[in-house]
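Worksheet: one structure, shown below.
The values are calculated or read from the model by the stated rules, or taken from the named source; none is laboratory data. Not measured: the values here are computed from a predicted model. Every residue, glycine as well, gets a Cβ built from its backbone with ideal geometry; the counts of neighbours run over all protein chains shown. Side chains are part of the model used for accessible areas, which takes the heavy atoms of the whole protein and leaves out ligands, DNA and RNA. Shrake-Rupley method; radii C 1.70, N 1.55, O 1.52, S 1.80 Å.
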Amino acid sequence: MASSLLFVVVLLAALSSPPPSAVLAADDDGTTHLHFFMHDVVTGSNPTAVQVIKGAGSSVVPGLAFGDTTVIDDALTETSSPTSAAVGRAQGFYMMSSQSGIVLMVCANLLLTAGDHNGSTLAVVGRDDVAADVRELSVVGGTGRFRMATGYVPVEDVQHERA
Ligand SMILES: *[C@@H]1O[C@H](CO)[C@@H](O)[C@H](O)[C@H]1NC(C)=O
């Protein structure tokens, strides 16, 4: 099996401002910090990231073209191990959106499935300059516990392995 896993640390601070109703049991200062790992499996028999558009634009690097678009349903887990406790899914897409370098437009809903956050979602968009050590995406909204959320998502590669 040739399965390529990209482990990404996501540290998220979602600030709900103001808590719209008693439905939300936010932390005392209204800020929630979440930390988890995203598994973007692009090859193998069970990929969670599948290219759905082959960009018609020029090749940015061999094998990657402007416009390439990948749909994802990536597992979010507690540790870097893909078999660790599931905390949610990242469902959305990323698109090659620069003509000079590997830069992705990321657009995803994070569905949380554990504990108090089960069933709540966060809407995340941003510019992912893959060459940068840490990339910052935006939390632009949410549902359930995260209704009206705003915040930010520092994203970092922690491991890139072939199993
Ligand atoms: C999350 O909510 C779903 C739907 O209500 C439920 O089926 C599931 O058991 C819950 N999971 C956890 C870990 O609480």
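Rolling a 1.4 Å probe across all protein chains gives SER80 an accessible area of roughly 40 Å². For VAL60, the accessible area of its heavy atoms, probed at 1.4 Å with every protein chain present, is near 30 square angstrom. If the chain linking SER84 and LEU64 were pulled fully straight, counting 0.36 nm for each residue of separation and taking away their Cα-Cα distance, it would gain 4.1 nm.
So for PHE37, PHE66, what's the accessible-area order with a 1.4 Å probe, most first?
From most exposed to least exposed: PHE66, PHE37.
If you plug the beta carbon distance of ILE102 and ASP29 into 1/(1 + (r/R0)^6) with R0 = 22 Å, you get a FRET efficiency near 0.05.
Rolling a 1.4 Å probe across all protein chains gives LEU64 an accessible area of roughly 60 Å². Here VAL140 and SER45 are evaluated by their C-beta separation; at R0 = 41 Å the FRET efficiency comes out at 0.75.
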